[in-house]
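Written out below as structure tokens is the structure these notes cover.
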């Protein structure tokens, strides 16, 4: 069996490429470490000296505001130097290959590459070619994975629900195009959530969904019944080709989260969304801004989770 | 080899010694995990008004580059304003002094205390930094290749033990 490319010889996290294939102990260690960093982010001086002298390169071949910013804040709170590259409009546009870009940054003495790329697997390619002391974090690759988002979702669920055992988690909407959903499903099943559901129209649920260990629903009313956690996904217009949907309005009518549909979930259910939200499409404003919503705390937790990942890989 | 001193008696002895130095501005901070156990005892025995603080200086250690992040870093909780306080910083065993340095660096990220005094249950040889304890329960000779550790059993009783491994 090939060695897990994310772990070093001692079984420590060397790169974070995907939640899939990470052992339960590593996932829990990331969440526990993030919990310690949450204490740092509540102080007046929100900075620790752990990554002093290290350089973190944010390499975003695809647009992002929230993810790039929270990686930047996380790195700065660890005292690392952060270099943001908007590669989509510079080297790549001039024809430089991904590996040449990375080799050049490596020559500038990088320690961590945070990579977002439209092609699934791109961060794996980078991880295979970096030097032993360099580390790669996948910040979203194509439709494949978005492990730090999955981890912050897991952190949020544990924060509000305390335990993973006994939970029913419903993931709703455009599962087909969602790297967030894929990462979260792997995390939830690894951590022992007994019931993971995906809800959406047949055209937006991947054919092999059941093989991931989830229950597939095409009716919101059926799928939301008794849910402890409702994760809404963004309708990804930019990744859709062909007629998967009649219209956004039609989608909202059937799969948009409204207050009356949410009433079918448990009374203390939490509502999550990875952002950016399409209000009035997958989620109504009354729910997004309502008492069940933990969408903004998710963003805050994302900083501690990214601090935990960076400090674990850079110390491996 | 001489028997190790009894940790419970050392706690009582330290509490008696500290009673003389406690002021209204005195606050206590225990270092995870052994120091926190000792601090819980002392804090209760001295009936300090300011709630106990707990510190895990894992994010301030100087061996991160060599050893990576500590196995299980705990969340530091300082439930009072450090500014202007006279701090009693409590640890179980004073050895190299590196943990104390890391803890002091972390404390200053919470504010500027008026003073810090170090309180340890036991001290041993092997200082690598100019750190000394103002209040030490006992001085213990530790044979080469061994380490002195504080243990807490299921009933919450504290005891000092020698373990193999530096």
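So the values come out like this:
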item	result
Residue satisfying condition, being within 14 Å of another protein chain (Cβ to nearest Cβ), touching a helix residue (DSSP H, G or I) at 6+ places or on another chain (Cβ under 9 Å) and modelled with pLDDT under 95, within set A:275, A:315	A:315
Evaluation of residue B:62 against (1) surrounded by fewer than 21 Cβ atoms within 10 Å (Cβ to Cβ); (2) in contact (Cβ under 8 Å) with a residue 40 or more places away in the chain; (3) within 29 Å of residue B:9 (Cα to Cα); (4) at the interface with another protein chain (Cβ under 10 Å from one of its Cβ atoms) (one fails), failing number	(3)
Residue check for residue A:182: at negative phi and part of a helix (DSSP H, G or I)	yes
In the stretch B:90-108, residue surrounded by the most Cβ atoms within 10 Å (Cβ to Cβ) [restricted to those that are in contact with a helix residue (DSSP H, G or I) (Cβ under 6 Å, 6 or more places away or on another chain) and away from chain A (no Cβ under 14 Å)]	B:90
Selection status of residue B:23, at pLDDT 95 or above, assigned to a loop (DSSP other than H, G, I, E, B) and surrounded by fewer than 16 Cβ atoms within 10 Å (Cβ to Cβ)	yes
Residue in the stretch A:154-163 that is free of Cβ contacts under 8 Å to residues at least 40 places away in the same chain and not in a helix (DSSP H, G or I) present	yes
Flag for residue B:75 being without any contact (Cβ under 8 Å) to a residue 24 or more places away in the chain, in contact with a helix residue (DSSP H, G or I) (Cβ under 6 Å, 6 or more places away or on another chain), over 22 Å from residue B:122 (Cβ atoms) and within 14 Å of chain A (Cβ to nearest Cβ)	yes
Some residue of the stretch A:79-86 being farther than 29 Å from residue A:192 by Cβ, more than 16 Å from the chain's Cα centre (by Cα), surrounded by 15 or more Cβ atoms within 10 Å (Cβ to Cβ) and within 14 Å of chain B (Cβ to nearest Cβ)	yes
Residue satisfying all of: in the stretch A:26-71; loosely packed, with under 15 Cβ neighbours inside 10 Å and more than 11 Å from chain B (Cβ to nearest Cβ); nearest to residue A:123 (Cα to Cα) among these	A:63
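The rows are residues; the columns are (1) under 30 Å from residue B:70 (Cα atoms); (2) more than 14 Å from chain B (Cβ to nearest Cβ).
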site	(1), (2)
A:258	no, yes
A:264	no, yes
A:292	no, yes
A:297	yes, yes
A:309	yes, no
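The values are calculated or read from the model by the stated rules, or taken from the named source; none is laboratory data. Because the structure is a prediction, the values reported are computed rather than measured. Methodologically, a virtual Cβ is constructed for each residue, glycine included, from the backbone with ideal geometry; neighbour enumeration extends over all protein chains shown.
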